[in-house]
1. Could you compute Rg(Cα) / (2.2 N^0.38 Å) for the range 115-159, with N its residue count?
2. Which shape class applies to the range 307-349: rounded if a/c is under 1.5, otherwise prolate when a/b exceeds b/c and oblate if not, where a ≥ b ≥ c are the square roots of the Cα gyration tensor eigenvalues?
3. Percent relative contact order of the chain, based on C-alpha pairs within less than 8 angstrom and at least six residues apart?
4. For helix 92-102, report the angle its Cα long axis makes with the longest principal axis of the Cα atoms of the chain; keep it between 0 and 90° and round to the nearest 10°.
5. Roughly how many whole Å is it from the C-alpha centroid of the range 257-314 to that of the range 182-254?
6. Angle check, please: helix 166-182 long axis (alpha carbons) against the longest principal axis of the chain (alpha carbons), in degrees 0 to 90, nearest 10.
7. What is the Cα radius of gyration of the range 1-95 over 2.2 N^0.38 Å, N being its residue count?
8. Provide 66, 146, 333 in ascending order of the number of other Cβ atoms located within 10 Å of each residue's Cβ, fewest first.
């Protein structure tokens, strides 16, 4: 298995710059997830690693060897695509064996590789079936098995769950996590726009936006210490609430007068020049609680109620924000539309960002 190094990698189509100055190291055995909104460049970056797109600038190394000009077949990479791309007239066994037969591998080696992949993916009983006799999740497992038999240096997954329904997506996501556990030395890169997949699968997440890397880190690091407002809102479901405020006290803790609430003391350091500056305060929906006190983040009338059984989501329209504020409160509640609710959060659950969007923690 292999490590990867991307140094100042960029991609342009004519004058249109899609990716710029991408610097990233991926260690052997990691499962790194590229995540971001549609059009951010994550699939293009994956295809550049695979050799399906040329690298406009910078360098890609796999195990210390430059790969920019190396053909895809010689990079030691196996790719699982969004579509299964199985041969409909071939059995599961034949689909998995096809690449090895083209490479003229001995039959005994092919049989051993298929048996090992089938065991890992629990496909033993389906080896003689045609793809049409399989469920969507089973077909995706066959596509993964076709990659495993090649014993590649790096596995690349390009949104492999996007064609599955919700229940199958969850089941197959668990299977991919179990696959990684059974192959701890394997290096895997996984592309998705679904931040839940990223949080549950990744050893590290790479958040891309507009052709740039916004932040790289472990899932909980990005959840608890986002580098900017984009990462804060992208990681977590529902998205983090972002509210306006003004710094009214500086030091080891920062006092913020909320635009639509009371005064909050945030345990994040600030400097004298921050006094009077407009800031953005972030709080996750699950961290909000009702209060009758004077220290509160927000007070407003309930616009929409979602009763989900285990939790109830309350939506509020907040002046100065594009998106509604969301409070994720426990249990079923008797709140009615139009009720005024005052919300607060533990100070250590608050995040603070400059007006530009950069976190105070990373200044």
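1. Working it through for the range 115-159, the quotient is 1.15.
2. Here the range 307-349 falls in the oblate category.
3. Over the chain, the number comes to 15 percent.
4. 70
5. 20
6. 70
7. 1.21
8. If I rank by nearby Cβ atoms, fewest first, I get 66, 333, 146.
Read the figures in this text as sums done on the coordinates, not as results from a lab. Every value quoted in this text rests on a predicted model; they were computed, and no experiment measured them. Here Cβ is always computed from backbone atoms with ideal geometry, including for glycine, and neighbour counts include all displayed protein chains.
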